[in-house]
Amino acid sequence: MLNILELTFRNSEISYLIGENGAGKSTLLNILARIDKNYQGGIDDSFAVDEISLVDANPYMLKGDVYKNIVYPLKIRKRENIEESMTTLLDIFNLNTLKNKEASKLSSGETQKVAIVRALSFSPKLLMLDEPTANIYIY
(Lines give C-alpha, C1' and ligand atoms only; values in the text may rest on other atoms or scores of the structure.)
Protein backbone atom coordinates (compact mmCIF):
# COMPACT_ATOMS: atom_id res chain seq x y z
CA MET A 1 0.00 0.00 0.00
CA LEU A 2 1.26 3.43 -0.95
CA ASN A 3 0.40 6.09 1.58
CA ILE A 4 1.26 9.68 0.67
CA LEU A 5 -0.23 12.55 2.62
CA GLU A 6 1.01 15.35 0.39
CA LEU A 7 3.28 15.66 -2.61
CA THR A 8 3.99 18.96 -4.33
CA PHE A 9 5.81 19.61 -7.60
CA ARG A 10 6.97 23.15 -8.27
CA ASN A 11 7.51 24.80 -11.65
CA SER A 12 11.00 24.49 -13.12
CA GLU A 13 12.07 22.15 -10.34
CA ILE A 14 13.43 18.62 -10.63
CA SER A 15 12.02 16.10 -8.17
CA TYR A 16 12.73 12.41 -7.88
CA LEU A 17 11.28 9.40 -6.12
CA ILE A 18 13.47 6.80 -4.50
CA GLY A 19 12.23 3.51 -3.18
CA GLU A 20 12.73 -0.20 -3.27
CA ASN A 21 11.28 -2.41 -5.99
CA GLY A 22 7.55 -2.73 -5.51
CA ALA A 23 7.31 0.37 -3.31
CA GLY A 24 4.78 2.00 -5.64
CA LYS A 25 6.85 4.55 -7.57
CA SER A 26 5.49 3.52 -10.97
CA THR A 27 1.98 3.28 -9.56
CA LEU A 28 2.23 6.83 -8.27
CA LEU A 29 3.41 8.11 -11.66
CA ASN A 30 0.52 6.31 -13.37
CA ILE A 31 -1.94 7.88 -10.92
CA LEU A 32 -0.47 11.35 -11.47
CA ALA A 33 -0.67 10.84 -15.25
CA ARG A 34 -4.33 9.83 -14.83
CA ILE A 35 -3.63 6.37 -16.30
CA ASP A 36 -4.41 4.49 -13.08
CA LYS A 37 -7.70 5.63 -11.59
CA ASN A 38 -7.81 2.96 -8.88
CA TYR A 39 -6.84 5.03 -5.85
CA GLN A 40 -8.36 6.74 -2.85
CA GLY A 41 -7.85 10.41 -2.18
CA GLY A 42 -7.53 13.33 -4.50
CA ILE A 43 -5.23 14.99 -6.97
CA ASP A 44 -5.10 18.73 -7.46
CA ASP A 45 -5.87 19.21 -11.12
CA SER A 46 -3.33 22.00 -11.61
CA PHE A 47 -2.26 20.26 -14.79
CA ALA A 48 -4.63 19.19 -17.54
CA VAL A 49 -4.04 15.66 -18.82
CA ASP A 50 -2.68 17.00 -22.11
CA GLU A 51 -0.07 19.04 -20.19
CA ILE A 52 1.45 15.93 -18.59
CA SER A 53 3.90 13.54 -20.17
CA LEU A 54 4.97 10.17 -18.77
CA VAL A 55 7.76 8.01 -20.14
CA ASP A 56 7.14 4.51 -18.86
CA ALA A 57 9.96 2.18 -17.81
CA ASN A 58 9.02 0.05 -20.83
CA PRO A 59 7.89 2.65 -23.36
CA TYR A 60 5.52 1.74 -26.17
CA MET A 61 6.04 2.77 -29.75
CA LEU A 62 3.31 3.56 -32.23
CA LYS A 63 3.23 1.62 -35.48
CA GLY A 64 5.32 3.46 -38.02
CA ASP A 65 8.67 5.16 -38.02
CA VAL A 66 10.52 7.25 -35.46
CA TYR A 67 9.31 10.50 -37.04
CA LYS A 68 5.67 9.44 -36.64
CA ASN A 69 6.27 8.54 -32.99
CA ILE A 70 7.80 11.91 -32.14
CA VAL A 71 5.40 14.07 -34.18
CA TYR A 72 2.25 12.43 -32.77
CA PRO A 73 1.89 14.60 -29.61
CA LEU A 74 2.35 17.73 -31.71
CA LYS A 75 -0.33 16.71 -34.20
CA ILE A 76 -2.98 15.73 -31.65
CA ARG A 77 -2.45 19.05 -29.88
CA LYS A 78 -2.69 20.86 -33.24
CA ARG A 79 0.58 22.70 -32.66
CA GLU A 80 1.86 25.25 -35.14
CA ASN A 81 5.26 24.99 -36.87
CA ILE A 82 5.35 21.21 -36.56
CA GLU A 83 8.00 20.73 -39.25
CA GLU A 84 10.25 23.34 -37.67
CA SER A 85 9.80 21.73 -34.24
CA MET A 86 10.58 18.29 -35.64
CA THR A 87 13.73 19.51 -37.39
CA THR A 88 14.92 21.04 -34.13
CA LEU A 89 14.12 17.94 -32.05
CA LEU A 90 15.77 15.54 -34.50
CA ASP A 91 18.89 17.73 -34.63
CA ILE A 92 19.20 18.35 -30.88
CA PHE A 93 18.76 14.68 -29.99
CA ASN A 94 20.80 13.37 -32.94
CA LEU A 95 17.93 11.30 -34.35
CA ASN A 96 18.13 12.27 -38.03
CA THR A 97 19.67 8.92 -38.96
CA LEU A 98 16.79 7.08 -37.25
CA LYS A 99 13.83 9.23 -38.30
CA ASN A 100 12.72 6.85 -41.08
CA LYS A 101 13.49 3.66 -39.15
CA GLU A 102 10.53 1.49 -38.20
CA ALA A 103 9.96 1.98 -34.47
CA SER A 104 9.46 -1.75 -33.91
CA LYS A 105 13.05 -2.32 -35.13
CA LEU A 106 14.68 0.00 -32.58
CA SER A 107 16.99 -1.27 -29.86
CA SER A 108 15.79 -0.85 -26.29
CA GLY A 109 18.09 2.16 -25.85
CA GLU A 110 16.86 3.78 -29.07
CA THR A 111 13.27 3.14 -28.01
CA GLN A 112 13.91 4.83 -24.66
CA LYS A 113 15.53 7.83 -26.35
CA VAL A 114 12.65 8.23 -28.84
CA ALA A 115 10.13 7.96 -26.00
CA ILE A 116 11.92 10.71 -24.05
CA VAL A 117 12.08 12.99 -27.11
CA ARG A 118 8.39 12.31 -27.83
CA ALA A 119 7.57 13.23 -24.23
CA LEU A 120 9.52 16.48 -24.53
CA SER A 121 8.18 17.36 -27.99
CA PHE A 122 5.17 19.35 -26.83
CA SER A 123 6.87 21.03 -23.82
CA PRO A 124 4.66 19.50 -21.11
CA LYS A 125 4.15 21.36 -17.87
CA LEU A 126 4.82 18.13 -15.97
CA LEU A 127 7.29 15.56 -17.32
CA MET A 128 7.55 12.26 -15.46
CA LEU A 129 10.19 9.64 -16.26
CA ASP A 130 10.00 6.11 -14.88
CA GLU A 131 13.53 4.63 -14.90
CA PRO A 132 14.58 6.89 -17.79
CA THR A 133 18.13 5.58 -18.13
CA ALA A 134 17.37 1.88 -17.70
CA ASN A 135 18.04 1.01 -21.36
CA ILE A 136 20.37 3.79 -22.42
CA TYR A 137 24.00 2.94 -23.00
CA ILE A 138 26.31 5.87 -22.39
CA TYR A 139 29.70 5.62 -24.04
(message) Can you tell me which condition Ala103 does not meet? The list is (1) surrounded by fewer than 19 Cβ atoms within 10 Å (Cβ to Cβ); (2) modelled with pLDDT of 90 or more, and all the others hold.
(response) (1)
(message) Thr111 - would you say it is surrounded by 12 or more Cβ atoms within 10 Å (Cβ to Cβ), modelled with pLDDT of 90 or more and touching a Pro at 6+ places or on another chain (Cβ under 8 Å)?
(response) yes
(message) For the stretch 47-62, give me each residue that is among the charged types (D, E, K, R) and assigned to a helix (DSSP H, G or I).
(response) Asp50, Glu51
(request) Check off (1) surrounded by fewer than 10 Cβ atoms within 10 Å (Cβ to Cβ); (2) within 21 Å of Lys113 (Cβ to Cβ); (3) in contact (Cβ under 8 Å) with a residue 12 or more places away in the chain for Val49 and give me the number that stays unchecked. (result) (2)
(message) Checking the condition under 20 Å from Ile14 (Cα atoms) and not acidic (Asp, Glu), which residue from Lys101, Lys113 passes?
(response) Lys113
(request) Select from the stretch 1-46 the residues that are modelled with pLDDT of 85 or more, over 21 Å from Arg118 (Cβ atoms), of a type in the set (Val, Ile, Thr) and assigned to a loop (DSSP other than H, G, I, E, B) and list them in ascending order. (result) Ile18
(request) Sort out which residues of the stretch 47-71 are at pLDDT below 95 and not β-branched (Val, Ile, Thr), and write them in order of number. (result) Phe47, Ala48, Asp50, Glu51, Ser53, Leu54, Asp56, Ala57, Asn58, Pro59, Tyr60
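The values are calculated or read from the model by the stated rules, or taken from the named source; none is laboratory data. Please read all numbers here as calculations on a predicted model, not as lab measurements. Virtual Cβ from ideal backbone geometry, glycine too; neighbours counted across all protein chains shown.
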